[in-house]
Amino acid sequence: MVEADLCIVGAGAAGITLAREFVGHSTTVAVVESGGLELEDKTQSLYEGRVSGFPYRYPNTMRLRYFGGSTNHWSGNCRPLDEVDFLHRPWLPYSGWPFGRNELIPYYQRAQAVCGLQAFDYAIESWMDEARLRNFPFDPKKLLTGIKHISAPVRFGTAYRHELEDAANVTVYNHGNLTEIEATETAKHVTGLQCQCLTGKRFRVRTSIYILATGGIENARHLLASDAIQSEGLGNGHDRVGRFFMDHPHGIAGWIVFRNRFNIVDLYQAKTRRNAFVKGVVTMSPQILSGEALSNIYFNLAASMSRSEGEKSVSALLQSFREWEVPDDLLSHLGNIIADLDDVGEAAYHRMTDNADPFNKLRVHCRIEPTPDPDSRVTLTSDRDALGMRRIDLHWKPGDLALKSYNRGVEILALEVGRTGLGRMQVQPAGDSGWPDRFEPSGHHIGTTRMHAAPEKGVVDANCRVHDIDNLYIAGSSVFPTAGCNNPTLTVVALALRLADHIKNRS
Amino acid sequence: MLPVLCRYESRHTALGTDDTNVLAEFLRDLFSNTTSAIKVGNACIAEWGSVPASEWVAEMCATLDGEEFVDSKDLAAIIENRIREDFTHERTIEVQGWILSRTEATLCCLAANTLHS
Ligand SMILES: Cc1cc2nc3c(=O)[nH]c(=O)nc-3n(C[C@H](O)[C@H](O)[C@H](O)COP(=O)(O)OP(=O)(O)OC[C@H]3O[C@@H](n4cnc5c(N)ncnc54)[C@H](O)[C@@H]3O)c2cc1C
């Protein structure tokens, strides 16, 4: 029997952030983590399951089950959710968080350092001032330039392992798997956790407060699997657990070919500025999102070349960029810009134009906000894993609105590229699904224990406590009611910090 | 050389029917790279379907109708402005994935029809 004040299940971005918040605090903490310090096949295979709907890379490979969780393979791209993401948007079903973005700002500020980033500064103006950079002259009623920060990326397990090992009040139990959450007869209070190791060893955890931080799919799986008291699963009185699964569809939307060779790319290249590794991204304005009833989108522009080559070229280009003027000879360039109609491949392009300067062309990568849909969901199958737990079935559709928003967003970008005289855009053809081929999910598992003030509409309340259960909380992107289009981990960490504060105040 | 096209009825008619030399000269002046303009034009024609040159001229004339211009530089500026307006008002055509303004696509078609022969 493991006893403590607080049990955190899962040591990924959310679980480790929570545990660190209690280091040196009077609360004693038990962290139960499924894996060890390295990837082990047998443990990883506990994640296996079935998938259907939008082509989804197997859930086994889209997350990692060992100390540090999926931060062992995350890419470190960070951007807070946009203000609009928190709002109720009449055109986006089930939208609206129980609080606005301002509520999270102090936690986002703290989350920066946890994610290995410099100070919270996502205002494009301050970066342009600093580097005397310019952004694309798009109509700000349509498209904006935003900033994203890029982490080293911090591997939470490696970075914070010793801090947790050294903490007198925190104990990490690696190779311990939660298999069942036990509750009182009324299912209003958790009484303990049953855990198992793959060696067959079993143990029980008993604490005052429990936090599930096992990732966006497993959080739902554990509630659904804990059906001894509530047959539909713990906290699932309103049939919300596992529903509303979302991920961000993403892929290459097309290419922008610039009519001048030396345009504007510096701001949009990932570079170290003021000790921060940052990059400009193109986002949709709130006006266009509401005016055209679209879900959120962002465009990430990338030159098809290595960073070192880019660094060299950029300094040479910077001067012409700073003296940005719209050239007046568009027609004479038009033929060259759109000459290569047969093949947009890099080699063919350079052969055609006899142009070895890769800055003439940028790849447009796009990430789209999926539509919350109760039928996109995690359910349990009758197959069982090595611990006897039922495996998952993951069914997901990004939604018609997401596809419509993608198509319109790309169109708006192409129109603005043409209107401003930057060049022309070639868009990816649609595949059979309506999405371009090779669009795929991002590995961001969102929504299955969604947050809503009303128990019949969500699984957790605004404090991330499971409705009607007084001592069970959930951490991770499974609590997001809507996904926005930005990478989730900064928000996961901000919410974990907020939850830690809440629990400290509660006790 | 190019205070032509649709402003003056006589030239206009000549462009659309007999005087392909004047039209060719105009297009050569407009496009620095006529080979690629022809290539783009052919792709647009494949998208839109083949149309006689006179129709393209008529479309250009309609596009430029009412514009005051005196020389080729002015005409190029007017056309460039039209292209921007096309993008603003979403008058575009998608050709092999490229999002092009109708005006520029029309000019390329004109180049393909006129300069090819
Ligand atoms: C390829 C890839 C790239 C990514 N890149 C980015 C990026 O650039 N930016 C970004 O913001 N996000 C990115 N992400 C997403 C990011 O990895 C997740 O948002 C983040 O890791 C979620 O943190 P978490 O703690 O909720 O879950 P996880 O990090 O998945 O941690 C869950 C932990 O719970 C443990 N666990 C599971 N089940 C049990 C159990 N039964 N008992 C005990 N422990 C259990 C697991 O072993 C794991 O350690 C990426 C994801 C992928 C797949």
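As I understand it, the dipole of chain A uses +1 on the Cβ of Lys and Arg and -1 on the Cβ of Asp and Glu, about the Cα centre. Which of A:Val23, A:Leu87, A:Ala13 lies farthest toward its positive end?
It is A:Val23, whose Cα lies furthest towards the positive end.
With charges set only on the Cβ (+1 for Lys and Arg, -1 for Asp and Glu), what does the dipole of chain A come to about its Cα centre, in debye to the nearest 20? Before the final figure, lay out the partial values.
On the way: 54 positive and 59 negative charges, 76 e Å.
It comes to approximately 360 debye.
Relative contact order for chain A: what is it in percent, counting Cα pairs under 8 Å that are at least 6 residues apart?
Numbers: 1172 pairs, mean separation 125.0, N = 507.
That works out to 25 percent.
So what is the relative contact order for region A:380-507, in percent, with contacts set as C-alpha pairs under 8 Å and at least six apart? Before the final figure, lay out each step's value.
Working: 124 pairs, mean separation 16.9, N = 128.
That works out to 13 percent.
At a 1.4 Å probe, what is the % contribution of carbon and sulfur to the accessible area of region A:104-201?
Details: 2350 of 4570 Å².
Carbon and sulfur: 51 percent of the exposed surface of region A:104-201.
Which residues' amide hydrogens lie under 5 Å from the amide hydrogen of B:Val95, considering only partners 5 or more residues apart or on another chain, with H built in the peptide plane?
B:Leu100
Each residue of region A:61-68 in turn: what ³J(HN,Hα) in whole Hz from Karplus with 6.51, -1.76, 1.60 and θ = phi - 60°, glycine and Pro shown as x?
Taking θ as phi minus 60°, the curve returns 9, 8, 7, 10, 10, 7, 3, x Hz for region A:61-68.
Near the amide H of A:Ala183, under 5 Å away, which other amide H atoms are found, from residues 5 or more places off or on another chain, if H is placed in the peptide plane?
Counting only residues 5 or more places away or on other chains, the set is A:Thr191.
Could you work out how far apart the two model spin labels at A:Val23 and A:Thr381 are, taking each label as a point 7 Å from the Cα in the direction of the beta carbon, and quote it in nm?
4.0 nm
Whole-Hz ³J(HN,Hα) for each residue in region A:385-390, computed from phi via Karplus 6.51 cos²θ - 1.76 cosθ + 1.60 with θ = phi - 60°, x for glycine and proline: what do you get?
After applying 6.51 cos²θ - 1.76 cosθ + 1.60, I find 8, 4, 9, x, 7, 5 Hz.
What is the distance, in nm, between label points placed 7 Å from the Cα along the Cα-to-Cβ direction at A:Phe203 and at A:Asn463?
Result for the modelled spin labels: 2.9 nm.
Across region A:194-200, in residue order, what do the Karplus-derived ³J(HN,Hα) couplings come to in whole Hz, using 6.51 cos²θ - 1.76 cosθ + 1.60 with θ = phi - 60° and x for Gly and Pro?
8, 10, 9, 9, 5, 6, x
Pull up all non-local amide H partners of A:Tyr473: gap of 5 or more, or a different chain, and H-to-H distance under 5 Å with H placed in the peptide plane.
Here A:Tyr210, A:Ile211, A:Leu212, A:Val466 satisfy the definition.
Keeping all protein chains in place, calculate the accessible area per residue for region A:143-190 (probe 1.4 angstrom), answer in Å². Walk me through the intermediate numbers first.
Working: 2110 Å² over 48 residues.
It amounts to 44 Å² per residue over region A:143-190.
Indicate the gyration tensor shape class of region A:378-426 (rounded, prolate or oblate), computed on the Cα atoms with a ≥ b ≥ c the square roots of the eigenvalues: a/c under 1.5 is rounded; otherwise a/b larger than b/c is prolate and the rest oblate.
Values: a/c = 8.67, a/b = 4.12, b/c = 2.10.
Note, shape of region A:378-426 comes out prolate.
Calculate the FRET efficiency for A:Arg101 and B:Glu55 from the Cβ-Cβ distance with a Förster distance of 51 Å, rounded to the nearest 0.05. Show your work: numbers first, answer last.
On the way: r = 54 Å, r/R0 = 1.06.
In this case the efficiency is close to 0.40.
Find which of A:Asn219, A:Ala483, A:Asn72 sits farthest along the positive direction of the dipole of chain A, computed with +1 on the beta-carbon of Lys and Arg, -1 on that of Asp and Glu, about the Cα centre.
My answer, from the dipole projection, is A:Asn72.
Would you calculate the separation in nanometres between label points at A:Ala123 and A:Leu39, each defined as 7 Å from the Cα along the Cα-to-beta-carbon direction?
4.2 nm
Is the shape of chain A best called rounded, prolate or oblate, per the rule: a/c under 1.5 gives rounded, else a/b larger than b/c gives prolate, else oblate, with a ≥ b ≥ c the square roots of the Cα gyration tensor eigenvalues? Let's see the in-between values first.
Details: a/c = 2.11, a/b = 1.87, b/c = 1.13.
Judged from the Cα gyration tensor, chain A comes out prolate (a/c at least 1.5, a/b above b/c).
Over region A:59-112, calculate the relative contact order: mean separation of alpha carbon pairs under 8 Å at least 6 apart, over the residue count, as a percent. Write out the running numbers ahead of the final one.
Working: 29 pairs, mean separation 11.1, N = 54.
Over region A:59-112, the number comes to 21 percent.
Do any of A:Lys279/A:Lys361; A:Lys42/A:Lys201; A:Lys142/A:Lys397; A:Lys142/A:Lys404; A:Lys361/A:Lys397; A:Lys148/A:Lys504 go past 21 Å between their Cα atoms, and which?
Details: A:Lys279/A:Lys361 17 Å; A:Lys42/A:Lys201 15 Å; A:Lys142/A:Lys397 27 Å; A:Lys142/A:Lys404 16 Å; A:Lys361/A:Lys397 32 Å; A:Lys148/A:Lys504 31 Å.
The pairs that break the limit, which is 21 Å between Cα atoms, are A:Lys142/A:Lys397; A:Lys361/A:Lys397; A:Lys148/A:Lys504.
How big is the A-B contact in terms of buried accessible area, both chains counted, 1.4 Å probe, rounded to the nearest 100 Å²?
Working: alone 19810 and 6590 Å², together 23960 Å².
Roughly 2400 Å².
Does region A:146-297 classify as rounded, prolate or oblate by the C-alpha gyration tensor (a ≥ b ≥ c root eigenvalues; a/c under 1.5 gives rounded; else a/b over b/c gives prolate, otherwise oblate)? Spell out each step's value before the answer.
On the way: a/c = 3.34, a/b = 1.76, b/c = 1.89.
It is oblate, given that a/c is not under 1.5 and a/b is not larger than b/c.
The values are calculated or read from the model by the stated rules, or taken from the named source; none is laboratory data. This one's a predicted model, so the numbers in the text were calculated from it and none came from an experiment. Note that each Cβ is placed from the backbone with ideal geometry, even for glycine, and that neighbours are counted across all protein chains shown. Heavy atoms of the whole protein, side chains included, go into the accessibility calculation; ligands, DNA and RNA do not. Shrake-Rupley method; radii C 1.70, N 1.55, O 1.52, S 1.80 Å.
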